[in-house]
Amino acid sequence: MKEINMNNIINYNELQSKIIDYLEELSIRPSVKGYRYLLRAIELVYLDNDYLNNITKKLYPTIAEDFNTNAQCVDRAMRHAISTAWQRLDNDVIYDVFHYENLQVIKKPSNSEFIAVGVETIRRSRTNHFELNSLI
């Protein structure tokens with residue numbers, strides 16, 4: 001049985017809000033089909049990291065089932081959403097979120113990298129929230 005880190009547990013509405021903030025910060029627009037898939041992917045990985053280790057065998061099929069489509073469409077729509085947003089993003093935002101050391105070598109993240117950074121961003125913000133509350 002997996003041990004659950006209670007610092008990472010937040011209510012559903014708060015989780016959705018944090019994911020939406022992350023997607024918005026990175027210029028992923030709600031009108032793009034991949035937006036819904038990325039939102040669901042980050043949610044699933046946040047709740048169970050095993051999805052990230054089995055992205056093609058577990059994550060894409062789960063999302064495809066949720067949205068009545070197939071895994072290939074999920075993968076392609078996510079890549080399209082990330083690519084479209086990546087072209088619009090300012091280098092400062094990319095550096096702030098993805099922490100690239102060398103701005104000369106900024107490459108578009110893979111779907112799994114994008115999802116993993118989203119999950120870690122949410123977890124870090126949650127940890128920082130707990131640390132601030134304990135100081136008050």
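The values are calculated or read from the model by the stated rules, or taken from the named source; none is laboratory data. Note that the structure is a prediction, hence the values are computed from the model and not measured. Methodologically, a virtual Cβ is constructed for each residue, glycine included, from the backbone with ideal geometry; neighbour enumeration extends over all protein chains shown.
Quick rundown of the values:
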| read-out | value |
| --- | --- |
| Positions within the stretch 23-45 being assigned to a helix (DSSP H, G or I), at pLDDT below 95 and closer than 23 Å to Thr69 by Cβ, in sequence order | Leu23, Lys33 |
| Qualifying residue in the stretch 111-134 (condition: at pLDDT below 75, more than 22 Å from Ser31 (Cβ to Cβ) and under 15 Å from the mean Cα position of the chain (by Cα)) | yes |
| Lone qualifier among Asp92, Asp66 - being among the acidic types (Asp, Glu) and modelled with pLDDT of 90 or more | Asp66 |
| Members of the stretch 107-127 that are within 17 Å of Ala81 (Cα to Cα) and in a helix (DSSP H, G or I) | Asn111, Ser112, Glu113, Phe114, Ile115, Ala116, Val117, Gly118 |
| Where a residue in the stretch 21-37 is basic (Lys, Arg) and its partner, wherever it lies, is in a loop (DSSP other than H, G, I, E, B), with Cβ under 7 Å and at least six apart | Arg36/Phe67 |
| Leading residue by the ranking (nearest to Ala77 (Cα to Cα)) among those in the stretch 11-37 that are crowded, with 17+ Cβ neighbours inside 10 Å and of a type in the set (A, V, I, L, M) | Val32 |
